[in-house]
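J.: The structure is given below, and queries will be raised subsequently.
The values are calculated or read from the model by the stated rules, or taken from the named source; none is laboratory data. Nothing here was measured: the structure is a model prediction, and the numbers come from that model. Note that each Cβ is placed from the backbone with ideal geometry, even for glycine, and that neighbours are counted across all protein chains shown.
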């Protein structure tokens, strides 16, 4: 497990999700969920299928309106703001389903993200080069995204989110479909970035091997409710979490 230096870095920021509630046709998908993440930290958001993890990311990033509660980025209330305003405030994200422009090169895909933030072409190129280096994509810069193997597509999508230079980056199943070697490579790339770049990572994934080694803290949802919070070692021993994972401690093979 990576370690977390809790001393406040320069330009320290906090993302607060307060009592967030979301209904779908009378079904409560999120029930007063509260969590906090600060820059420099990696928070894992886990839970069984259908527990509300992606719904929570969609609410935080403005893709879905919430029916109660607030989302605060430092002192800025971003509750139910349009996605582009939330992105410009400092939140980036990836999606479960890869959304690359398949007829553009790796470089062009990442530059587009930076341009969407108001960057000049020159600045967008510099941001793209930095993100490409972070994700180890140098040798594929001029390849079309549609020609890449699946694991590299995942890395391009994460690099594109880095090009936004967010304060917080929300990754929705970044290890989905990756083999064990690719998952290990992703771990090595992501682990140092929050401390080096001063951003916060919130990661949703079912790859417990990745989650337990990468995250400083875990937040566990089940049926839209929080059932556990704490370090990976603490969370894997919470009775409600063990029950939600069918009697096995989280992270066990």
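J.: Quick one: would you say residue 227 is under 13 Å from the mean Cα position of the chain (by Cα), more than 28 Å from residue 84 (Cα to Cα) and either buried (at least 19 other Cβ atoms within 10 Å of the Cβ) or at pLDDT 95 or above (or both)?
T.: Answer is no for this residue.
J.: Follow-up question, since we're still on this one. Output the number of residues of region 66-101 satisfying the condition of being in contact with a strand residue (DSSP E or B) (Cβ under 6 Å, 6 or more places away or on another chain), at pLDDT below 95 and more than 15 Å from residue 168 (Cβ to Cβ).
T.: Adding up the residues that qualify gives 2.
J.: Would you be able to tell me the number of residues in region 29-53 that are in contact with a strand residue (DSSP E or B) (Cβ under 6 Å, 6 or more places away or on another chain) and buried (at least 18 other Cβ atoms within 10 Å of the Cβ)?
T.: Here the count works out to 17.
J.: What are the residues in region 54-66 that are in contact with a helix residue (DSSP H, G or I) (Cβ under 9 Å, 6 or more places away or on another chain) and surrounded by fewer than 23 Cβ atoms within 10 Å (Cβ to Cβ), if any?
T.: Selection gives 61, 62, 63, 64, 65.
J.: Hey, does region 57-66 have a residue that's within 22 Å of residue 190 (Cα to Cα) and part of a loop (DSSP other than H, G, I, E, B)?
T.: yes
J.: Give the residue that is modelled with the highest pLDDT, with candidates limited to residues of region 241-253 that are closer than 20 Å to residue 31 by Cα and surrounded by 13 or more Cβ atoms within 10 Å (Cβ to Cβ).
T.: Checking each candidate, the answer is 241.
J.: Being loosely packed, with under 15 Cβ neighbours inside 10 Å and more than 16 Å from residue 76 (Cα to Cα) is the filter; apply it to region 10-21 and report the residue that is modelled with the lowest pLDDT.
T.: Ranking the candidates gives 10 first.
Yes/no matrix, rows are residues, columns are (1) farther than 27 Å from residue 225 by Cα; (2) crowded, with 22+ Cβ neighbours inside 10 Å; (3) touching a residue at least 24 places away in the same chain (Cβ under 8 Å):
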residue	(1), (2), (3)
69	no, no, yes
74	no, no, yes
81	no, no, no
85	yes, no, no
88	yes, no, yes
95	no, no, yes
104	yes, no, yes
115	yes, no, no
119	yes, no, no
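J.: Looking only at residues in region 147-182 that are touching a helix residue (DSSP H, G or I) at 6+ places or on another chain (Cβ under 7 Å) and assigned to a loop (DSSP other than H, G, I, E, B), which one is surrounded by the most Cβ atoms within 10 Å (Cβ to Cβ)?
T.: Checking each candidate, the answer is 163.
J.: Does residue 145 fit the bill of being out of contact with any strand residue (DSSP E or B) (no Cβ under 6 Å at 6 or more places or on another chain), within 24 Å of residue 12 (Cα to Cα) and outside the structural domain of residue 56 (by TED's automatic domain parsing)?
T.: no
J.: If you go through region 50-65 one residue at a time, do you hit one that is at pLDDT below 95, assigned by TED's automatic domain parsing to the domain that holds residue 218 and either under 24 Å from residue 136 (Cβ atoms) or over 17 Å from the mean Cα position of the chain (by Cα) (or both)?
T.: Looking through region 50-65, at least one residue is at pLDDT below 95, assigned by TED's automatic domain parsing to the domain that holds residue 218 and either under 24 Å from residue 136 (Cβ atoms) or over 17 Å from the mean Cα position of the chain (by Cα) (or both).
J.: I'd like to verify a number: residues in region 124-145 that are touching a helix residue (DSSP H, G or I) at 6+ places or on another chain (Cβ under 7 Å) and either surrounded by fewer than 16 Cβ atoms within 10 Å (Cβ to Cβ) or in a helix (DSSP H, G or I) (or both), how many?
T.: Matching residues across region 124-145 total 14.
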